[in-house]
Amino acid sequence: MIVIVRDHQQQSYIEMLNAESEETIWKQDCDEPNTWATPSIVSHGGSTQIIIPGSNKIRSYNLNIGEILWQWRGLTGNPISCPVVKNGVIYCMTGYEGHALLALPLSARGDITGSNQIIWSAKRGTPYIPSPVFYDRLLFYTQSNQALLTCADASNGRIMLDRECLRALPNVYASLVGAAGRVYMPGRKGTTLVLKRGREFEVLATNKLNDSISASPALTGDQLFLRGEQFLYCLAKTF
């Protein structure tokens, strides 16, 4: 199946297509303006959910029939960051026209806005374009498109690093990635910071490419791929 989300200024909707026949399996209209976030698809409690952050509401749909499983009103407008899912919790963030972070349980049902089902929330330091990274019980994310790094305990929202200024990076569009005990943060001017994964701020390396980088890094094996404005780069250990 193929999921298509069309949240825009006219009638917005989500549509599920059969990948072979191209026929519509189900389609649901929704009351949403522009939304840019890629949905998260996750199995939990015997069903598969499609979770879409919206300016009006975060909604979770049943993959097979399109039924809304749960929804929550509480993000700011124009979501772009992709949700992060781990251990039965989804973390949704927005950083345009304000800041919002919601940690919500996948087991929720119905309209849970204002209920005590929310696990924790935050109202500052959240990203606009970049997506966060969940790495070994920690959430790393930037403020808006700025090089201001926050690290939070994913279980309770306790802040370990509070908008730490990364002076080597002017601004950030690419999403953060983590591997081998490190968090990688490319800036738009071609500099990538390599940070130690931990509750304290430590820069392990500052690497510079003579290029502009807005795309998120990709990891496979011991290789790191960066897509610049001019070139595609593969960085790997040499032997």
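Looking across Arg188, Arg163, Arg158, Arg227, one residue alone is touching a Gly at 6+ places or on another chain (Cβ under 9 Å), surrounded by fewer than 20 Cβ atoms within 10 Å (Cβ to Cβ) and modelled with pLDDT of 95 or more. It is Arg163. Restricting the first member to the range 154-171 and to residues that are on the phi < 0 side of the Ramachandran plot and part of a loop (DSSP other than H, G, I, E, B), and the second to residues that are surrounded by fewer than 16 Cβ atoms within 10 Å (Cβ to Cβ) and charged (D, E, K, R), the beta-carbon pairs closer than 6 Å and six or more apart or on different chains are Ala154/Arg137; Pro170/Lys189. When Gln71 is tested against (1) without any contact (Cβ under 8 Å) to a residue 12 or more places away in the chain; (2) in a strand (DSSP E or B); (3) polar (S, T, N, Q), exactly one condition is not met: (1). Report the residue count in the range 24-39 for those that are in contact (Cβ under 8 Å) with a residue 12 or more places away in the chain and either of a type in the set (A, V, I, L, M) or surrounded by fewer than 16 Cβ atoms within 10 Å (Cβ to Cβ) (or both). Of the residues in the range 24-39, 10 are in contact (Cβ under 8 Å) with a residue 12 or more places away in the chain and either of a type in the set (A, V, I, L, M) or surrounded by fewer than 16 Cβ atoms within 10 Å (Cβ to Cβ) (or both). Looking only at residues of the range 135-153 that are small (Gly, Ala, Ser) and either without any contact (Cβ under 8 Å) to a residue 24 or more places away in the chain or assigned to a strand (DSSP E or B) (or both), we find that the one that is surrounded by the fewest Cβ atoms within 10 Å (Cβ to Cβ) is Ser144.
Annotation note: of Ser107, Ser121, Ser60, the sole residue that is surrounded by fewer than 18 Cβ atoms within 10 Å (Cβ to Cβ) and outside any loop (DSSP other than H, G, I, E, B) is Ser121. Taking the range 172-212 as the range and being among the hydrophobic types (A, V, I, L, M, F, W, C), over 12 Å from Leu149 (Cα atoms) and either touching a residue at least 60 places away in the same chain (Cβ under 8 Å) or in a loop (DSSP other than H, G, I, E, B) (or both) as the test, the residues that pass are Ala174, Ala180, Leu209.
The values are calculated or read from the model by the stated rules, or taken from the named source; none is laboratory data. Since the model is a prediction, treat every value here as computed from it, not as a measurement. So basically every Cβ, Gly included, is an ideal-geometry build from the backbone, and we count neighbours across all protein chains shown.
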